[in-house]
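The block underneath contains the structure these notes are about, expressed in structure tokens.
The values are calculated or read from the model by the stated rules, or taken from the named source; none is laboratory data. Quick caveat: nothing in here was measured; it's all calculated off a predicted structure. In this analysis, Cβ positions are derived from the backbone assuming ideal geometry, glycine residues included, and neighbour counts consider all displayed protein chains. We work out accessible area using only protein heavy atoms, side chains counted, and drop any ligands, DNA or RNA first. Shrake-Rupley method; radii C 1.70, N 1.55, O 1.52, S 1.80 Å.
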Amino acid sequence: MRLGVLDVGSNTVHLLVVDAHRGAHPTPMSSEKSVLRLAEQLDDGGLLTKAGADQLVRAVAASKASAVRLGCEDLMAFATSAVREAANSAEVLDRVRTETGVDLKVLSGEDEARYTFLAVRRWYGWSAGRLLCLDIGGGSLELGVGRDEDPEIALSVPLGAGRLTRTRFANDPPTRQEVADTVEWLDDQLAPVVKKLRRVGEPDRVVATSKTFRTLARLTGAAPSSAGPRARRVLTHAGLRQLIAFVSRMPADDLGELEGVSPGRSHQLVAGALVAEAAMRALSLHELEICPWALREGVILRRLDQTDGADQDTPAARTRRSGDTGRTGRHGARWS
């Protein structure tokens, strides 16, 4: 089965296409991104601007065309915090549906945490014991902890790297006072979160996902992406603190020149690093592992769980899994 998942986030619109069937490892076949920075296109009243909505419609239409061209049998499309928090979210979603035929499902912050946790659990398996999972996005920080595939606690707090960049920093690079004030503010915001997480006991394994954590790990010496997804990557608290002392003095343009830093996200690197450091310090974490699977993979895995398995061993299914589908997709399907 060839599946497409379309992730409309605060920074990018990302189409991931995989070949997969129930009980199998999803194999990535294609990945396409458009940098829209939707969260930065909300006006003072919280409305997504017409220009932002126009860009979103074009990006979704292009992604749908790619999904059809690549032979996706299903396109699962979802939006996270930027669209979720827009005051005109319903109107924007209706326009996307009318003009592209794609029905964007808006995920709650808790949904994001749960899907991400599922992906991490499947990657590491039951032997990982009680997992603690952290994910920093553009608009929010998601956390989940538990022993099963569904976390015992799933939380989402508005501490995304993009959000903090917009609301906490007036300068590029931020002043020392802005950094110090943000660190103190983050401590206050995370205190009640930590209390909730600690009610279920200490984790056996701590894992982080998302582009922000991957970038921070790379900048502190983790293996590059060319080493493949199975290379063990960690982010240490000591290394992160040293990195912050370095990057917090650099303007975004210079940060964009560093290996592993996406130019489109360089402006929010410092804020993301501060969120990561504050979370590690609040939870008394010396290091965490970086998982290559995150929200998109969680959505795919849940979708596969809901199939009845009827097509897994048929000749047609084997043909589809070889990549020759001969079919276009059906879009806007309900998959939650």
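What the table below lists for this structure:
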{"read-out": "Built amide H within the under 5 Å cut-off of K105, gap 5+", "value": "A77, F78, A79"}
{"read-out": "Given the chain, longest segment not containing exposed loop trypsin sites (Lys or Arg not before Pro) (DSSP; at most 10 other Cβ within 10 Å)", "value": "1-198"}
{"read-out": "The chain: relative contact order in percent, alpha carbon pairs under 8 Å with at least 6 residues between", "value": "22"}
{"read-out": "Distance between segment 248-291 and segment 1-73 - C-alpha centres, whole angstrom", "value": "24"}
{"read-out": "³J(HN,Hα), Karplus 6.51/-1.76/1.60, whole Hz, each residue of segment 284-297, x for Gly, Pro", "value": "6, 9, 7, 7, 9, 8, 9, 9, x, 9, 8, 4, 4, 5"}
{"read-out": "Sum of side-chain charges, E289 neighbourhood, beta-carbon under 10 Å (Lys, Arg +1; Asp, Glu -1)", "value": "+2"}
{"read-out": "Heavy-atom surface of the chain, accessible at 1.4 Å and reported per residue (Å²)", "value": "43"}
{"read-out": "When each of K50/K195; K64/K211; K50/K211; K64/K196 is checked by Cα-Cα distance, pairs over 31 Å", "value": "K50/K195; K64/K196"}
{"read-out": "Whole-percent carbon and sulfur share, accessible surface of the chain, 1.4 Å", "value": "48"}
{"read-out": "Beta bridges by DSSP in segment 1-89, antiparallel share as percent, to the nearest 5", "value": "75"}
{"read-out": "Per-residue HN-Hα couplings for segment 93-102 [Karplus 6.51, -1.76, 1.60; θ = phi - 60°; Hz; x = Gly/Pro]", "value": "5, 5, 5, 4, 5, 5, 8, 10, x, 9"}
{"read-out": "Cleavage-rule hits, GluC sites (Glu not before Pro), segment 245-292, DSSP coil, Cβ neighbours within 10 Å at most 15", "value": "E257, E259"}
{"read-out": "Net charge contributed by nearby residues that have their C-beta within less than 13 Å of M250 (K/R +1, D/E -1)", "value": "-3"}
{"read-out": "³J(HN,Hα), Karplus 6.51/-1.76/1.60, whole Hz, each residue of segment 117-124, x for Gly, Pro", "value": "4, 4, 4, 5, 4, 5, 5, 8"}
{"read-out": "Listed values (i) 56, 47, 40; (ii) 64, 42, 39; (iii) 61, 49, 36, entry calculated as Cα extents along the principal axes in Å", "value": "(iii)"}
{"read-out": "Those residues of segment 146-178 whose amide nitrogen sits under 15 Å from the label point placed on E257, 7 Å along Cα→Cβ", "value": "173"}
{"read-out": "Share, in percent, of DSSP beta bridges within the chain that are antiparallel, nearest 5", "value": "65"}
{"read-out": "Translational D in µm²/s for segment 7-57 (Stokes-Einstein at 10 °C, 1.306 mPa s, Kirkwood Rh from C-alpha pairs)", "value": "125"}
{"read-out": "Degrees between helix 269-282 axis and first principal axis of the chain (Cα, 0 to 90, nearest 10)", "value": "80"}
{"read-out": "Counted charge near Y115, where neighbours are those whose Cβ lies closer than 12 Å (Asp, Glu -1; Lys, Arg +1)", "value": "-3"}
